[in-house]
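Since every read-out is calculated from the coordinates, none of them should be taken as a lab result. What you see is a predicted model; the values in this text were computed from it and never measured. Every residue, glycine as well, gets a Cβ built from its backbone with ideal geometry; the counts of neighbours run over all protein chains shown.
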Amino acid sequence: MTDQRMALPPIELTPKDLSSWRTGNRGVDYVHTFDSGRPGPHVIVNALTHGNEFCGMIAVTHLLEQGIRPLRGKLTLSFANVEAYQRFDAATPFDSRFVERDFNRLWDAATLDGPDQTADARRARALRPIYAEADALLDIHSTTYAVPPMLIHEPLDKMQPLARHLHSPLHHVLLAGVKHPGRPLIQYGAFSDPQATPVALVVECGQHFAASSGALAVGVTMRFLDFFGMIPRDLAAQHPADPGMPKRYEVTDVLVAKTDCFRFAQPFLGFEDVAADTLIATDGDAEIRAPAGGCTIIMPARQPTKGRDVVSLARRLQ
């Protein structure tokens, strides 16, 4: 690995003390629901699916501190894996992604109803009924490397109006079906059912600890709430989308490390286009090469781990 991949990034965002938001009104710590008393959707803004991704915390605390309340329907603000968040150490800033198991790979019935008693799975079970209420969910994330921010969602017709309204970030990544070793939150339950109305998407706001990722998270959150008529239009107008035509990618494969010796052939950071048959990585004695037609590298892992997804391969749609 090169120094660029392994060097610790500047820590411009640091954790806030969330203790004042621990007691919510749903019987689950760090979850607050505000009911307008008027008909409308139940919308959830979700932060800290990963404990070291602070931009979502910035967006949710902004909504709480500014006293923003829905004009219609219900608004739920949630801090997900707070236990992981509380373990952050600036000397090892990537180690607090989760406690024992990736919270964003738990969202299938077999796992949620199974015997797993990790802290992450217990927290997922506590939040499960709240997420199941949602008509729409924005799951706020950030990236290991300083690559372009992106929207991630399934290529379902029901997602298109929301994606068009958000518009930016201008990299849109379509995740068709479950390709990860474990179901992500945005593919939980009705979110991934093309016949059901609930929608969910991820925004990856930039590098984990960059101040710009927090600002971007606030802007996307405001446009998300505006789409559902939850906030005044003049407030939403303070957070316009970036101009330009979005670039769209479809994930074709998610690589999972089969050995402890997975190694990238190049110092990939993300969004590199590689030609057909280019060596991407070795996994033990096996070579992994780009498919016919080439591919785009999406979110390579900083430290590949056996049994975990290490990179997504995508094809450019436009």
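With Rg and the Kirkwood Rh both taken from Cα atoms, where does Rg over Rh land for segment 122-229? Could you put the intermediate results ahead of the total?
Numbers: Rg = 13.7 Å, Rh = 14.4 Å.
With Rh from the inverse mean 1/r over Cα pairs, Rg/Rh is 0.95.
Can you tell me how much longer the chain between residue 316 and residue 273 gets when fully stretched, taken as 0.36 nm per residue apart minus their C-alpha distance, in nm with one decimal? Let's see the in-between values first.
Numbers: separation 43, 0.36 × 43 = 15.48 nm, distance 0.91 nm.
So the chain would gain 14.6 nm between residue 316 and residue 273.
Can you list the chymotrypsin sites (Phe, Trp or Tyr not before Pro) in segment 208-265 that are in a DSSP coil and have 14 or fewer other beta carbons within 10 angstrom?
On the way: sites: 209, 224, 227, 228, 249, 262, 264; in loops: 209, 228.
Answer in residue order: no site qualifies.
Which residue, chosen from 271, 314, 222, occupies the Cα position most advanced towards the positive end of the dipole of the chain, where the dipole is computed from +1 (Lys, Arg) and -1 (Asp, Glu) charges on Cβ about the Cα centre?
222
Give the order of 178, 60, 251 when sorted by the count of other beta carbons within 10 angstrom, beginning with the fewest.
Values: 178 15, 60 26, 251 22.
Fewest to most other Cβ atoms nearby, the residues stand as 178, 251, 60.
Lys/Arg Cβ at +1, Asp/Glu Cβ at -1, dipole of the chain taken about the Cα centre: which of 211, 27, 180 is farthest positive-ward?
27
Across bins of 5 angstrom width beginning at 0, how are the C-alpha pair distances of segment 3-236 distributed, in whole percent?
Taking all Cα pairs of segment 3-236, the binned fractions are 1, 7, 15, 20, 22, 18, 12, 5, 1, 0, 0 percent.
Considering only 119, 144, 68, whose Cα is most displaced toward the positive end of the charge dipole of segment 3-236, charges sitting on Cβ of Lys, Arg (+1) and Asp, Glu (-1)?
Selected residue: 68.
List the residue ranges in the chain for DSSP H helices whose C-alpha atoms run 24 angstrom or more along the long axis and whose Kyte-Doolittle average is 1.0 or above.
Numbers: long enough: 211-227 (25 Å, 1.05).
Qualifying helices, which must be both long enough and hydrophobic enough, are 211-227.
Let me check I've understood the local charge: for residue 141, count other residues with C-beta under 10 angstrom from its C-beta, Lys and Arg +1, Asp and Glu -1. What total comes out? The partial results should precede the final answer.
Working: positive: none; negative: 53, 139, 204.
My count for the surroundings of residue 141 gives -3.
Suppose each label sits 7 Å from its Cα in the direction of the beta carbon; what would the residue 122-residue 306 distance come out to in nanometres?
Going from the residue 122 label point to the residue 306 one covers 2.9 nm.
Hey, got the dipole for segment 3-236? About the Cα centre, +1 on K and R Cβ, -1 on D and E Cβ, debye to the nearest 20?
Details: 22 positive and 25 negative charges, 91 e Å.
Roughly 440 debye for segment 3-236.
Give me the dipole magnitude in Debye, nearest 20, for segment 57-179 about the Cα centre, with unit charges on the beta carbon: positive for Lys and Arg, negative for Asp and Glu. Can you show the working numbers first?
Details: 14 positive and 15 negative charges, 64 e Å.
That gives a dipole near 300 debye.
Residue-wise, which Karplus ³J(HN,Hα) couplings in Hz belong to segment 159-164, taking 6.51 cos²θ - 1.76 cosθ + 1.60, θ = phi - 60°, and x for glycine or proline?
So the J values, rounded to whole Hz, are 7, 5, x, 5, 4, 5.
Lone cysteines in the chain, going by a 4.7 Å Cβ-Cβ cut-off?
261, 295
If you place +1 on the Cβ of every Lys and Arg, -1 on the Cβ of every Asp and Glu, and leave all else neutral, what size is the dipole of segment 239-287 about its Cα centre, to the nearest 20 Debye?
Working: 4 positive and 10 negative charges, 42 e Å.
Dipole magnitude for segment 239-287 comes out near 200 debye.
Give me the Kirkwood hydrodynamic radius of segment 1-67, using the inverse of the mean 1/r over all pairs of distinct Cα atoms, in Å to one decimal.
14.5 Å
Among 8-20, 184-196, how do they line up by average Cβ neighbours within 10 Å per residue, starting with the highest?
Working: 8-20: 13.1, 184-196: 18.1.
Listed from highest to lowest mean packing, they are 184-196, 8-20.
Could you list 34, 94 so that the one with the fewest beta carbons within 10 Å of its beta carbon is first and the one with the most is last?
94, 34
Round to the nearest 0.05 the FRET efficiency obtained for residue 252 and residue 28 when R0 = 35 Å and r is the Cβ-Cβ distance. Numbers along the way, then the final one.
Working: r = 37 Å, r/R0 = 1.06.
Approximately 0.40, to the nearest 0.05.
Return the distance in nm (one decimal) between the two label points of a simple spin-label model at residue 90 and residue 113, each offset 7 Å from Cα along Cα→Cβ.
So the label points at residue 90 and residue 113 sit 4.7 nm apart.
Express the Stokes-Einstein translational diffusion coefficient of segment 249-316 in µm² s⁻¹, to the nearest whole number, given a Kirkwood radius over alpha-carbon pairs, 25 °C and a viscosity of 0.890 mPa s.
Details: Rh = 11.7 Å.
Calculated translational D: 210 µm²/s.
Quick one: which of 16/74; 158/179; 16/258; 158/247; 74/158; 247/306 span more than 28 angstrom between C-alpha atoms?
Correct reply: 16/258; 247/306.
Taking H as built 1.01 Å from N, whose amide H comes closer than 5 Å to the amide H of residue 294, not counting residues under 5 places away?
276, 277
Name the long-range amide H neighbours of residue 143: under 5 Å, sequence gap of 5 or more, or other chain; modelled H, no Pro or chain starts.
Counting only residues 5 or more places away or on other chains, the set is 205, 206, 207, 208.
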